[in-house]
1. Would you check if there is a residue in the range 94-115 being surrounded by 11 or more Cβ atoms within 10 Å (Cβ to Cβ), among the charged types (D, E, K, R), assigned to a strand (DSSP E or B) and touching a residue at least 24 places away in the same chain (Cβ under 8 Å)?
2. Within the group Cys187, Cys170, which residue is assigned to a strand (DSSP E or B) and either more than 26 Å from Trp80 (Cα to Cα) or of a type outside the set (D, E, K, R) (or both)?
3. Listed residues Ser152, Ser184; which is closer than 29 Å to Ser59 by Cβ, in contact (Cβ under 8 Å) with a residue 12 or more places away in the chain and among the polar types (S, T, N, Q)?
4. So in the range 129-146, with the set limited to residues that are modelled with pLDDT of 90 or more and in a loop (DSSP other than H, G, I, E, B), which one is surrounded by the fewest Cβ atoms within 10 Å (Cβ to Cβ)?
5. From Cys170, Cys187, grab the single residue that is touching a Pro at 6+ places or on another chain (Cβ under 7 Å) and at pLDDT 90 or above.
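The values are calculated or read from the model by the stated rules, or taken from the named source; none is laboratory data. Just so we're clear, the structure is a prediction, and the values are computed from it rather than from any experiment. Positions of Cβ are generated from backbone atoms using ideal geometry, with glycine treated the same way; all protein chains shown enter the neighbour counts.
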Amino acid sequence: MSSESTDPVEPPAVVNPAPDEAETDEAPQKNNWLKFVIVGVLAVVLVGGGVWALTSLNSTGAGDCVSASPKNADQPDGEWNLSSEGCNDTAATHRVAVVLKNAEDQCPAEGLYEPVKSGDETLCLMPNLIEGKCYNSGDDGVFKQEACTPESPVKIVKKVDGLPEEGTVCPETAGEWRFSEPASVYCMGVPEGS
């Protein structure tokens, strides 16, 4: 006798799971639309930020300091390399004295200004000189800050804001270098021990 049952066994019922919301036809359409909106917003932010950065960060105004040198030392009246710098940075060779909007305008007459084209504007650059620091002039005419030694050709012994009467602010052993914009006088001497 066999222990196997001869009763017919029903196969287990196959239960199909209820469709998940993510698997419906409507969900992919909603997700695609949302992705399109997110990509669009990001594109606007990136393009807008890029335009702002190009116009705001690269614009140089009066009072800003730059590292500036002629692209070709043999042609100081040609194109110049310019990059923004902090005014106390040793790389900051010039300060923007005036920004000229019109081609007919000229840099101030009193002082040593270097007119340099920057886009549609002309920047009137003056040396960025700091009281107590020493400078040397390179072959390109650019004053470069250096450590003060007895061999240093010039030291800024005093800086005065404004334009007082000539010969009234600098020590007798120092020469005056006057700038009308911004109104300032630099007293140039030689380092002690020279």
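1. From the range 94-115, those surrounded by 11 or more Cβ atoms within 10 Å (Cβ to Cβ) are 94-100, 105-108, 110-115; that's our starting set.
Next cut, among the charged types (D, E, K, R) only: 95, 105, 110, 114.
Next, only the ones that are assigned to a strand (DSSP E or B) stay: 95, 114.
Adding the requirement that they be touching a residue at least 24 places away in the same chain (Cβ under 8 Å) leaves 95, 114.
Yes, that holds for at least one residue.
2. Values: Cys170 fails: assigned to a strand (DSSP E or B).
Of the residues listed, the single one that is assigned to a strand (DSSP E or B) and either more than 26 Å from Trp80 (Cα to Cα) or of a type outside the set (D, E, K, R) (or both) is Cys187.
3. Working: Ser152 fails: closer than 29 Å to Ser59 by Cβ.
Testing whether each residue is closer than 29 Å to Ser59 by Cβ, in contact (Cβ under 8 Å) with a residue 12 or more places away in the chain and among the polar types (S, T, N, Q) leaves just Ser184.
4. Going through the qualifying residues, I end up with Gly132.
5. On the way: Cys170 fails: touching a Pro at 6+ places or on another chain (Cβ under 7 Å).
Of the residues listed, the single one that is touching a Pro at 6+ places or on another chain (Cβ under 7 Å) and at pLDDT 90 or above is Cys187.
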